[in-house]
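Working notes for the structure below.
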Amino acid sequence: MLRREPKLRVIGLGGPRLRAVAGDGLEDWSSEAAVVGLVEVLKKYGWFRQKFAQTLVRIRAEQPDAVLLVDYPGFNLRLAKALRKAGYAGRILYYISPQVWAWNRGRIPKMAKLLDAMFCIFPFEQPLFAAAGLPTEFVGHPMIDTLARERSQEPRDPQLVALLPGSRAREVRLIFPAMLGAAALLARERPDLRFAAAAANADREREMLALREASGLSAEQCRIERGTAHALMQQCGVGLVASGTATVEAAFFGLPHGIAYRVAPLTYAVGRMLIKVAHLGMINVLAGREVVREFLQSRCTPELLAGELLRLHDDPAAREQQLREVAAVVATLGEGGAAERAAEAILRALRAPR
């Protein structure tokens, strides 16, 4: 957007990469705001409430021509409603559409009254929002461009198994022990297999090293590296991946994998009541069926995870079927250029008459 409109001025909330292009107008809140789950959000309720109030004050003071909401619906949909209630007359645009189709489709008509335009990254979302009268454009998934630049041509090591427990502290604490348990079972039964885990940062690396020590696995049996998730997705023969963005990344890179996920019991109980889709993994949501097997909550056990790894490792037909079906789903996300299309769509919305 800035290359197309050099006079554009950006303020708001974001992370270090957004600050790099937007300058001092950005407040970095990415590390504090990255929480998932009912219990986790409640623990930080006071912080979110304060940040919400500060954001409203800042928008009223700056009076920007548009507010671009990016993902993060728990905060952003409330912000849109509060802005309209306060009389904000600028455009409210939404990029990375919230997954209300999964937990409350009844909110879509309400969103159509608050928002001026929606830009979505999954093809099935466009008709859902457009049917409610909200101008919506499918711009493609930005991940396609990012991951394409990291694609390598090195051959896979069929005896190397990827363990990818996610980037958040709670994900690591709840999911990685089950993955390590599966690795420990297989290390005894199949000493030919080796394991590699990717840590998102130094804090997660320390936690994962401590969990590995508690599991009884040695560094030779399971190495832990920092920032190598995408490399492992391309190097390993099979893997386990925490549900989330990483499952789409693993699908893009062609890693045969199973999906593992655990959350706090209360979060899971509430989620079961609210979520209206049959599957959690986005590849499965897009496919409309379980293309990649999911091991959630009580099924996220070392025994079941180990069994899935062996199935994918030892059965070429099962492995090839998953890869074939996953590749077909990835193809629906577009061929690249999502950032350019999103930038052009947002600028068109800014220029269009109200």
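Identify, please: which residue in the stretch 137-160 is within 20 Å of the chain's Cα centre (by Cα) and of a type in the set (K, R) and is, among those, surrounded by the most Cβ atoms within 10 Å (Cβ to Cβ)? Among those residues, the one meeting the criterion is R151.
Counting only helices (runs of 4 or more DSSP H) that sit wholly inside the stretch 63-115, those with at least 1 residues that are at pLDDT 90 or above and crowded, with 18+ Cβ neighbours inside 10 Å are 73-85, 107-114.
This table checks each residue for (1) without any contact (Cβ under 8 Å) to a residue 24 or more places away in the chain; (2) assigned by TED's automatic domain parsing to the domain that holds G181; (3) closer than 25 Å to L147 by Cα.
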| site | (1), (2), (3) |
| --- | --- |
| A202 | no, yes, yes |
| R206 | yes, yes, no |
| R212 | no, yes, no |
| C222 | no, yes, no |
| G227 | no, yes, yes |
| L232 | no, yes, yes |
| C236 | no, yes, yes |
| A246 | no, yes, yes |
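Inspect all residues belonging to the stretch 155-162 and state whether any of them is touching a residue at least 24 places away in the same chain (Cβ under 8 Å), closer than 30 Å to P265 by Cβ and either among the small types (G, A, S) or not assigned by TED's automatic domain parsing to the domain that holds V70 (or both). There is at least one residue in the stretch 155-162 that is touching a residue at least 24 places away in the same chain (Cβ under 8 Å), closer than 30 Å to P265 by Cβ and either among the small types (G, A, S) or not assigned by TED's automatic domain parsing to the domain that holds V70 (or both). Of all residues in the stretch 287-309, those that are basic (K, R) have Cβ atoms under 7 Å from Cβ atoms of residues that are in a helix (DSSP H, G or I), 6 or more apart or on another chain, in R293/E308. Would a scan of the stretch 297-311 turn up a residue that is under 18 Å from the mean Cα position of the chain (by Cα), of a type outside the set (S, T, Y) and at pLDDT below 95? No, that holds for no residue.
All of V139, V57 fail the test of being of a type in the set (A, V, I, L, M) and without any contact (Cβ under 8 Å) to a residue 12 or more places away in the chain, apart from V57. Selection of the stretch 328-351 for residues being out of contact with any Gly (no Cβ under 7 Å at 6 or more places or on another chain) and aliphatic (A, V, I, L, M) yields A328, V329, V330, A331, A339, A342, A343, A345, I346, L347, A349, L350. Among the residues of the stretch 95-110, at least one is in contact with a Cys (Cβ under 8 Å, 6 or more places away or on another chain) and not aromatic (F, W, Y). Within the stretch 228-238, is there a residue that is surrounded by fewer than 18 Cβ atoms within 10 Å (Cβ to Cβ), at pLDDT 95 or above and either part of a helix (DSSP H, G or I) or on the phi > 0 side of the Ramachandran plot (or both)? Yes: the stretch 228-238 contains one or more residues that are surrounded by fewer than 18 Cβ atoms within 10 Å (Cβ to Cβ), at pLDDT 95 or above and either part of a helix (DSSP H, G or I) or on the phi > 0 side of the Ramachandran plot (or both). From the list L217, L163, L134, L211, the lone residue that is crowded, with 17+ Cβ neighbours inside 10 Å and assigned to a helix (DSSP H, G or I) is L211.
The values are calculated or read from the model by the stated rules, or taken from the named source; none is laboratory data. Given the structure is predicted, the values throughout are model-derived calculations rather than measurements. Note: ideal-geometry Cβ built from the backbone for every residue, glycine included; neighbour counts use all protein chains shown.
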